[in-house]
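Contents: one structure, followed by commentary.
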Amino acid sequence: MLKLHFAPNSRAGRIIWLLEELSLPYDINKMAFHPRELKTDEHRKRHPLGRIPVLEDGDITIYESGAIVEYVLERHKKDRLKPDTNSEEFPYYLQWFHYTEGMVMPPMNTIVVHTIILPADRRDETVLSQAQRLLKKSLAPINENLKGKDYLIGSFSAADIMLGHACYMATKLGGIGDEMAELKQYVDRISNRPAFKTAIEMN
């Protein structure tokens, strides 16, 4: 049985979404997104930095949401949610899968730090504004790519789980304006998937 160590409003939501899309059974250890739980000696044995998500599969313990997604697909549902390596879609599947952490999440992390995590007297409006501009620039190619498509590579894939979750969180941060109509429709589309709703309800 897979076991997911999870905290609300985090990348761990991607993994619940994945497991639900694949109809895989799993147990969940729901933790508070707070150092008193994440930085314990017990959890640091799972993740040396006290982060989530962490997935346990028998004797295997693995962290980093993208790595977990790839692991689950290869070990448990290899024929689902990813195109064949020889297909025309495969290079773009990889591109959007990794675009998530390479381009979209860094400015989002900065925005969260300077709007939520830091106390008001330590927040930097200049840094925040730069991150907000960078986020919009990072989201623009996604909006363009979605023209004429329901999902990133046409059909729903694990790239949507990675990047779609990030786009959903960007919406919550006010990062997707009315000028990104395709992206707004995309977020609405993934938000209506039953597996996504289950993941979000865990928050």
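The values are calculated or read from the model by the stated rules, or taken from the named source; none is laboratory data. Keep in mind that this is a model prediction, so the values were computed, not measured. Every residue, glycine among them, receives a Cβ derived from its backbone with ideal geometry; neighbour counts consider all protein chains shown.
Looking at (1) modelled with pLDDT under 95; (2) assigned to a helix (DSSP H, G or I); (3) among the charged types (D, E, K, R), which is the only condition Asp178 fails?
Every condition holds for Asp178 apart from (2).
From the residues in the stretch 80-115 that are part of a loop (DSSP other than H, G, I, E, B) and not polar (S, T, N, Q), which one is nearest to Asn9 (Cα to Cα)? It would help to see each step written out before you state the result.
Looking only at the stretch 80-115, we keep the residues that are part of a loop (DSSP other than H, G, I, E, B), and these are 80-89.
Cutting the leftovers down to not polar (S, T, N, Q) gives us 80-84, 88-89.
Values: Arg80: 26, Leu81: 23, Lys82: 25, Pro83: 29, Asp84: 32, Glu88: 34, Glu89: 30 Å.
Looking at residues that are part of a loop (DSSP other than H, G, I, E, B) and not polar (S, T, N, Q), I get Leu81.
Name the residue that is surrounded by the fewest Cβ atoms within 10 Å (Cβ to Cβ), counting only residues in the stretch 174-194 that are within 17 Å of the chain's Cα centre (by Cα) and of a type in the set (D, E, K, R).
Asp188
Just the residues that are surrounded by 14 or more Cβ atoms within 10 Å (Cβ to Cβ) and in contact with a helix residue (DSSP H, G or I) (Cβ under 7 Å, 6 or more places away or on another chain), please, taken from the stretch 81-97.
Leu81, Lys82, Pro83, Tyr93, Trp96, Phe97, listed by residue number.
Would you mind finding the one in Ala166, Ala199, Ala170 that is in contact (Cβ under 8 Å) with a residue 24 or more places away in the chain and not assigned by TED's automatic domain parsing to the domain that holds Thr100?
Values: Ala166 fails: not assigned by TED's automatic domain parsing to the domain that holds Thr100; Ala170 fails: not assigned by TED's automatic domain parsing to the domain that holds Thr100.
Result of the check over Ala166, Ala199, Ala170: Ala199.
Using beta carbons and a limit of 6 Å, which pairs, at least six apart or on different chains, have the first residue in the stretch 120-132 and under 10 Å from Pro107 (Cβ atoms) and the second one of a type in the set (Val, Ile, Thr)?
Ala131/Thr110; Ala131/Ile111
Quick test of your reading of the structure: Ile142 fulfils all but one of (1) surrounded by 13 or more Cβ atoms within 10 Å (Cβ to Cβ); (2) outside the structural domain of Trp96 (by TED's automatic domain parsing). Name the failing condition by number.
It is condition (2) that Ile142 fails.
Of all residues being more than 18 Å from His76 (Cβ to Cβ) and in contact (Cβ under 8 Å) with a residue 40 or more places away in the chain in the stretch 7-46, which is surrounded by the fewest Cβ atoms within 10 Å (Cβ to Cβ)? Just the residue, please. Talk me through it step by step, then tell me what you get.
Filtering the stretch 7-46 down to residues more than 18 Å from His76 (Cβ to Cβ) leaves 7-11, 13, 29-46.
The next check asks that each one be in contact (Cβ under 8 Å) with a residue 40 or more places away in the chain; those that pass are 7-11, 13, 30, 46.
On the way: Ala7: 21, Pro8: 14, Asn9: 14, Ser10: 19, Arg11: 22, Gly13: 24, Lys30: 12, Arg46: 20.
Filtering the stretch 7-46 for residues that are more than 18 Å from His76 (Cβ to Cβ) and in contact (Cβ under 8 Å) with a residue 40 or more places away in the chain, the one surrounded by the fewest Cβ atoms within 10 Å (Cβ to Cβ) comes out as Lys30.
Mind checking which residues of the stretch 5-30 are among the aliphatic types (A, V, I, L, M) and in a loop (DSSP other than H, G, I, E, B)? Break it down stepwise before answering.
Of the residues in the stretch 5-30, the ones among the aliphatic types (A, V, I, L, M) are 7, 12, 15-16, 18-19, 22, 24, 28.
Ala7, Leu22, Leu24, listed by residue number.
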